[in-house]
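Okay, structure first, notes after.
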Amino acid sequence: REGVRMSGRGNSSDWRAWLKYAQEDRDFAEGRMDEPGNARHVALCAHQMMEHALKAVRVFHEGGLPERTHDLPMLAASLAEKGFFEFSEEEMDFLQELHSCFIPLKYPRSEAALPSHRKAKELFAAAAGLLERVRKETQYE
């Protein structure tokens with residue numbers, strides 16, 4: 001991709017590329033949200049959207065490469081500690097809830113461990129709202 005520097009690890013140090021991925025995660029899930037059987041994919045896209053958005057904020061402020069982690073609460077706490085982004089208690093609770101779904105979303109588990117379709121849509125809506133805040137913070141078009 002033009003204009004995106006890549007490291008040897010394959011991660012981009014361009015915050016715009018991270019936000020572009022977050023937006024693609026959102027667009028992909030939005031287009032499939034109401035299809036039966038897609039709750040797992042919608043929730044997984046919500047997690048990916050948040051991971052990409054939080055890493056974009058980190059790269060926006062510090063440059064370089066973001067941490068190699070999927071831990072949303074840890075990423076958010078790190079951003080807040082550094083004064084890069086303010087999170088409400090509700091947003092931190094949401095990120096913890098979404099993070100707690102990550103392993104069941106990625107690896108086969110009992111259906112009972114997965115979010116319902118309604119819950120997946122709720123997680124997605126919260127993630128989309130937080131993505132919009134990140135976009136405003138970085139003035140991403």
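The values are calculated or read from the model by the stated rules, or taken from the named source; none is laboratory data. Computed from a predicted structure; not experimentally measured. Cβ atoms come from the backbone with ideal geometry, glycine included; neighbour counts cover every protein chain shown. Quick note on the areas: whole protein, heavy atoms, side chains included, nothing else; ligands and nucleic acids left out. Shrake-Rupley method; radii C 1.70, N 1.55, O 1.52, S 1.80 Å.
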Q: Provide the gained length on full extension for the span HIS41 to GLU137, in nm with one decimal, where the gain is 0.36 nm per separating residue minus the Cα-Cα distance.
A: 31.8 nm
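What ranking do 113-123, 81-91, 44-54 get when scored by the average of other Cβ atoms within 10 Å per residue, highest first? Don't skip to the end; give the middle numbers.
Working: 113-123: 17.0, 81-91: 12.5, 44-54: 25.6.
Listed from highest to lowest mean packing, they are 44-54, 113-123, 81-91.
With a 1.4 Å probe and every protein chain left in place, work out the accessible area per residue of the chain in Å², rounded to a whole number.
Working: 7700 Å² over 141 residues.
Heavy-atom accessible area per residue stands at 55 Å².
Compute the FRET efficiency between SER13 and ALA113 as 1/(1 + (r/R0)^6), taking r as their Cβ-Cβ distance and R0 = 35 Å, and round to the nearest 0.05. It would help to have the intermediate numbers written out before the result.
Working: r = 35 Å, r/R0 = 1.01.
The formula returns an efficiency of 0.50 here.
Calculate, in nm to one decimal, what ALA80 and GLU24 gain on full extension: separation in residues at 0.36 nm each, minus their alpha carbon distance. Write out the running numbers ahead of the final one.
Details: separation 56, 0.36 × 56 = 20.16 nm, distance 2.51 nm.
Between ALA80 and GLU24, full extension yields an extra 17.7 nm.
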Q | Violating pairs (Cα-Cα greater than 23 angstrom) within the set LYS55/LYS82; LYS55/LYS136; LYS82/LYS106; LYS82/LYS119 | A | LYS82/LYS106; LYS82/LYS119
Q.
Just to be sure I understand the rule: take each whole DSSP H helix in the chain, project its Cα atoms onto its long axis, keep it if the span is 18 Å or more and its mean Kyte-Doolittle hydropathy is at least -1.0. Which ones pass?
A. 39-62, 117-138
